[in-house]
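Structure, as structure tokens:
Derivation of every value follows stated rules applied to the coordinates shown; laboratory data play no part. On a predicted model such as this, the values are computed, not experimentally measured, just so you know. Here Cβ is always computed from backbone atoms with ideal geometry, including for glycine, and neighbour counts include all displayed protein chains.
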Amino acid sequence: MFLMRDVYIGYDGTVRNCYGNQLVQFSYGCGAHTGEYNKSLLEKEECGASVGSLAACAISEAAYGALDQPISALENSPLINLKKVLECGVRKQSGNETASLFLSQKLKRFNSGFEYGAINVKNHLEKLLLKDVVSLVTIFYSPQTGIRPLSPWICYFRINNEAVKKQLKVQSIINALKMNCTDSVKLKKLKLSLPKLQISSKGDPENSDTNGDFYIAVQIAQIVEDIDNSLNILQDRVVPFLLDTVIKGSSNVKQVDIVWKDGPKTSKSYKESSGELYLRVFMSESCDRRRFWRKLIDDCIQIMDMIDWERSYPDDVQDVILAQGIDAARNYFLCMLKTAIEDTGKTIIPEH
């Protein structure tokens with residue numbers, strides 16, 4: 001607000017800063033409104049008019065007005081929300097990075113279409129690790145008598161009923177494990193070397209009642225002279241690596257929350273709800289911030305029609321710049337600032 005006092009209208013009608021003559025805006029006023037708002041705030045845009053001070057006073061007035069708002073223990077105060085919007089510089093890039101995905105209006109023609117759409121998008125994106133569906137890990141000694149050279153140690157992962165709830169198939173889990181074991185880029189990044197593995201589905205090795213659970217067997221598919229060494233490799237390298245394998249969802253996504261967004265208030269006679277469901281996607285620690293939005297789009301190719309991409313965006317101005325450009329970031333910032341100011345109960349002229 002202090003810096004805005006030096007913003008004025010230049011001799012050519014542009015908005016500039018008096019120190020360094022930096023260009024702030026090509027023309028004062030948004031020019032997108034009709035009717036009485038079509039005229040500029042100043043009837044005559046005279047050279048030297050201190051439009052920055054007017055805007056600073058308008059925003060600070062809204063901030064002071066937020067002090068009168070009641071404080072709720074369930075959500076942040078309007079003043080805190082306004083503070084977060086204004087503190088959107090590069091220094092605020094730490095913490096959880098998120099993106100907002102809005103559902104397509106095509107789902108509106110189905111009963112509970114938005115609810116089912118939100119659940120489907122969440123299930124498609126949310127990361128599920130092997131350890132989330134494994135209830136028991138056991139290693140058995142089983143000498144091999146066949147022709148193929150295999151290690152005598154076999155590791156069994158018991159998959160519980162949670163996998164059935166997630167609509168997972170045995171073969172899809174095995175394919176994900178095999179793909180992860182052959183990912184040379186990931187192994188090089190982790191500085192980890194794995195032996196050649198044989199991964200397959202097996203029955204219960206102890207022939208007991210498993211309540212519908214099934215097993216995945218992992219065995220080193222090469223002869224290891226030292227039997228104890230092969231057991232150590234299986235315990236210390238293979239098992240921890242496989243348990244952290246993503247078997248469903250996106251490795252770029254840490255968590256997906258279904259959120260409700262209030263819309264503009266309507267009359268009581270209006271039957272439909274004044275709001276909508278949308279999804280807030282949290283970036284995983286292993287994902288590169290600069291590529292998060294592009295990777296998220298790639299992960300959503302199979303459900304592309306369920307998402308309204310014109311309204312979806314990253315939740316940080318710097319991320320919007322990287323993904324969509326400086327002009328989209330400016331529009332996003334103004335939209336967030338307008339929403340934060342309206343939450344304080346104040347309104348500001350668009351020119352400000």
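Pairs with C-alpha atoms separated by more than 31 Å, drawn from the list LYS83/LYS191; LYS127/LYS191; LYS83/LYS186; LYS127/LYS202; LYS83/LYS131, are LYS83/LYS191; LYS83/LYS186; LYS83/LYS131. For VAL24, the residues whose modelled amide H falls within less than 5 Å of its own, excluding neighbours fewer than 5 places apart on the same chain, are VAL15, ARG16, ASN17. As a rough footprinting exposure proxy, the listed residues PHE140, PHE214 were ranked by other beta carbons within 10 Å of their own, and the order from fewest upward is PHE140, PHE214. Applied to the range 251-257, the Karplus parametrisation 6.51 cos²θ - 1.76 cosθ + 1.60 on θ = phi - 60° returns per-residue 3J(HN,Hα) values of 6, 7, 10, 8, 7, 10, 10 Hz, with x for Gly and Pro.
The fewest-to-most ranking of GLU351, GLU46 by surrounding Cβ atoms within 10 Å reads GLU46, GLU351. Put simply, the amide H of LYS254, placed in the peptide plane, has neighbours under 5 Å in PHE282, MET283, SER284, leaving out anything fewer than 5 places away on its chain. Close amide-amide hydrogen proximity is noted between SER312 and PHE102, each under 5 Å apart and 5 or more residues distant or on a separate chain (H modeled in the peptide plane; Pro and chain starts excluded). Exposure proxy for SER53, SER112: other Cβ atoms within 10 Å of each Cβ, ordered fewest to most, give SER112, SER53. Using 0.36 nm per residue and subtracting the Cα-Cα separation, the extra length available between PHE282 and SER251 on full extension is 10.0 nm.
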